[in-house]
1. Can you go through Asp124, Asp103 and tell me which one is loosely packed, with under 11 Cβ neighbours inside 10 Å and out of contact with any strand residue (DSSP E or B) (no Cβ under 9 Å at 6 or more places or on another chain)?
2. Could you go through the stretch 55-70 and let me know if any residue there is under 30 Å from Gln123 (Cβ atoms), surrounded by 15 or more Cβ atoms within 10 Å (Cβ to Cβ) and touching a residue at least 12 places away in the same chain (Cβ under 8 Å).
3. Condition check: in contact with a Lys or Arg (Cβ under 9 Å, 6 or more places away or on another chain) and either under 30 Å from Arg35 (Cα atoms) or at pLDDT below 85 (or both). Does Leu105 satisfy that?
4. Can you report the number of residues in the stretch 48-62 which are touching a Ser or Thr at 6+ places or on another chain (Cβ under 7 Å) and in a loop (DSSP other than H, G, I, E, B)?
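The values are calculated or read from the model by the stated rules, or taken from the named source; none is laboratory data. Note that the structure is a prediction, hence the values are computed from the model and not measured. Glycine gets a Cβ as well: all are built from the backbone with ideal geometry, and neighbour counts include every protein chain shown.
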Amino acid sequence: MNAAAPSVLRERHGATLVIRLNKPELRNAFDLEMRQGIAEAVFEAREVDAEEARALGIVYEVVPEDQLLDEALAMAARFHGAATQAIGISKNILNRSFNLDQDTLAELEAAAQAMVMKTDYHQDAVARFLNKQPRAFEWPPKRGTPGGGR
C-alpha cells in the first residue's frame, strides 16, 4: 500500500464494526474515564457495544453502517480550511500527554506554538485578522459552509 494514501481498515467483532481511519498504528488521546471504562471491559472480559463505546469516548459517533461513508465524509468536510499542521502537532502532544509531566507538556506546547507561527496558514490568518476578513476555519462550522468563513 502507498504510504501516503490514507488507510481505512474495517473489522467486525460480533455486532461491532471497527473502522480505523488515517493512522491505525497511532492511538487516540485517552482520558482517565475512558481508560477506566476500557480497563473494566478488559478485566470483565466483556464486549463493549457501540453505544457504550460512544459513552466512554472511545468512538466519536455511532452511525448505521449504510450511512458510515457519508457521515465520515461530512465529518472530514467540517475540517476543510483547518490548520492541518496545528492539528497534527496537537494530536501528537495529546497522544503523549499521559506519559509526560506538566513541565514537559508546557515545553511541547511552547515549541508547537513557535512552529505553527511560522506556517503559511498562520501568516494568512494574521493577514485575515488585520484586514477584517473572515477566518479560514471556524468551529463549529457555520451552516452552509464546509469549514467556516471562506
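1. Numbers: Asp124 fails: loosely packed, with under 11 Cβ neighbours inside 10 Å.
Every option except Asp103 fails the conditions.
2. Initially, the stretch 55-70 is screened for residues under 30 Å from Gln123 (Cβ atoms), giving none.
Looking for residues that are under 30 Å from Gln123 (Cβ atoms), surrounded by 15 or more Cβ atoms within 10 Å (Cβ to Cβ) and touching a residue at least 12 places away in the same chain (Cβ under 8 Å), one finds none in the stretch 55-70, hence no.
3. Yes; evaluated as a whole, the condition is true for this residue.
4. So the first thing to find is which residues in the stretch 48-62 are touching a Ser or Thr at 6+ places or on another chain (Cβ under 7 Å), and the list is 49-50.
With in a loop (DSSP other than H, G, I, E, B) added as a condition, the list becomes 49.
Going through the stretch 48-62 one residue at a time, the tally reaches 1.
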